[in-house]
Amino acid sequence: MSGPEIKGWCPGALRPMQSGDGLITRVRPRLGQLSNTQALGLCDASATFGNGIIDLTNRANLQLRGIKPHNHQAVVDALLALDLLDETPELEARRNIICAPLRSTDGLTARLALELTERLAELPELPGKFGFAIDVDGPPQLSDAPADIRIETGPSGLIVRADGSPLGMRVTTDTAINDLISIARWFAQNRDNDIRRMAAHLGSVPLPLRFARETSHKPAAQLVPAQLPQGRVFGAPFGSLPTTELRALLASNSTSTLTLTHSRMFLLSGQLDAGETSFITTPDAPELGVDACPGAPACTATQQSTRAIARALTPHLKGRSLHVSGCTKGCARPRNADVVLVGQNGGFDLVLNGVSWDVPVLQGIKPDSVIDAVINELGRH
Ligand code: SF4
């Protein structure tokens, strides 16, 4: 089965997107980080103008949902006051930069990300979802994050690597952004108009040898909820950050910064007692392997609610990963899961070990029998 239709742009704060429950206003914190004041300010904006739940995306950005159109300007004003706004929608759309969440203290991640931010105007015209990963603190932490050009480290030092190529180009801290721009220009000059991502492009056009000579380190171990030297990592079920819960954590350490990850976790700096919270605090929680998009009524592309089914199935997974998707687009998990439920034709289809647009093993499961049907099917495998 071919993949779903992908929209060519991402919503932003200045260019929100209409959804079933109002406007989605996306916020792209610089370096994927918020001060305590900024995080509290976003909680206020979400609670006052939105649905009181902030979404954490798989690009380490945040979304306020449920914004009424007449409140959008008030949200923009709030973001401006919090220093969370770009000057123009164009600049906002281009600033697709993910930074490694665990960083060394030499500041190289921040330096490179800020240099790239300042030089965004030098990039060629690129597809809306084309993005960059700055991942220079030891073994790559962002290997499974969506990015098209990556700055990483390998045995020979710093490299810039086109996504989809195992090899990158050796660079220095002074040349890294120049070389990243060179690879972006090569992509822009050589791509077909309907190819929007680097890895897909490399499927038909070979990367010039000058960009592909050096290996990267093997990926780092997956980040999991734990207290680390840099701070405490929390998981956010379905990427949801209820503002009441987030406020309580932020209040426990008023000097903390909040660093977002692409894997729907966040790190709060300092030594923190997790206490009573609905966020995921243990590394083996089954919820870490469960994804579900907002479903109906928040998204008009489906009639199915998704997250209640995901919650009900979680205790039955026995270590398997689960994706409940309102439709074949698969927004919440554009990669394989062991069990995938897909809203279709008033019911659900079941895919095993695949993505939401794969051929299902069961079709037309009625919503009220979906839990039993999945448990039965898992019992047979
Ligand atoms: S996958 Fe979910 S959120 Fe995405 S379009 Fe389909 S129903 Fe909407």
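The values are calculated or read from the model by the stated rules, or taken from the named source; none is laboratory data. As the structure is a computational prediction, the values presented were derived from the model and not from experiment. Every residue, glycine as well, gets a Cβ built from its backbone with ideal geometry; the counts of neighbours run over all protein chains shown.
Figures for the structure shown
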{"quantity": "Considering residues of the range 309-333 that are hydroxyl-bearing (S, T, Y) and within 16 Å of the ligand (Cβ to nearest atom) only, the residue surrounded by the fewest Cβ atoms within 10 Å (Cβ to Cβ)", "calculated": "T328"}
{"quantity": "Inter-residue pairs, beta-carbon under 6 Å, first over 16 Å from R320 (Cβ atoms) and aromatic (F, W, Y) and in the range 340-360, second part of a strand (DSSP E or B) and within 12 Å of the ligand (Cβ to nearest atom), 6+ apart", "calculated": "F348/L341"}
{"quantity": "Residues of the range 255-292 satisfying the condition of being under 30 Å from G364 (Cβ atoms) and in contact with a helix residue (DSSP H, G or I) (Cβ under 8 Å, 6 or more places away or on another chain)", "calculated": "P286, E287, V290, D291, A292"}
{"quantity": "So Q363, is it within 16 Å of the ligand (Cβ to nearest atom), without any contact (Cβ under 8 Å) to a residue 40 or more places away in the chain, more than 23 Å from D144 (Cβ to Cβ) and not small (G, A, S)", "calculated": "no"}
{"quantity": "Selection count, the range 104-125, where residues are under 19 Å from L258 (Cα atoms) and buried (at least 22 other Cβ atoms within 10 Å of the Cβ)", "calculated": "1"}
{"quantity": "Of all residues making up the range 105-155, the number that are in a loop (DSSP other than H, G, I, E, B), under 20 Å from the mean Cα position of the chain (by Cα) and not aromatic (F, W, Y)", "calculated": "18"}
{"quantity": "G164 over 19 Å from the mean Cα position of the chain (by Cα), under 22 Å from R59 (Cβ atoms) and in a loop (DSSP other than H, G, I, E, B)", "calculated": "no"}
{"quantity": "Those strands (runs of 3 or more DSSP E) lying entirely in the range 246-308 with at least 3 residues at pLDDT 95 or above, outside the structural domain of N61 (by TED's automatic domain parsing) and within 16 Å of the ligand (Cβ to nearest atom)", "calculated": "290-292"}
{"quantity": "Looking only at the range 334-356, and only at residues there that are crowded, with 19+ Cβ neighbours inside 10 Å and outside any strand (DSSP E or B), the one that is nearest to the ligand (Cβ to nearest atom)", "calculated": "S356"}
{"quantity": "Matching entry among I24, I54 (being surrounded by 18 or more Cβ atoms within 10 Å (Cβ to Cβ) and either at pLDDT 95 or above or in the same structural domain as F132 (by TED's automatic domain parsing) (or both))", "calculated": "I54"}
{"quantity": "Some residue of the range 130-138 being closer than 12 Å to F211 by Cα, crowded, with 24+ Cβ neighbours inside 10 Å and not charged (D, E, K, R)", "calculated": "no"}
{"quantity": "Unmet criterion (only one of (1) touching a residue at least 40 places away in the same chain (Cβ under 8 Å); (2) crowded, with 17+ Cβ neighbours inside 10 Å; (3) of a type in the set (A, V, I, L, M)) for A81", "calculated": "(2)"}
{"quantity": "Among (1) part of a helix (DSSP H, G or I); (2) surrounded by 14 or more Cβ atoms within 10 Å (Cβ to Cβ) - the single one Q189 does not satisfy", "calculated": "(2)"}
{"quantity": "Qualifying positions in the range 89-118 - without any contact (Cβ under 8 Å) to a residue 24 or more places away in the chain and charged (D, E, K, R)", "calculated": "E90, D106, E118"}
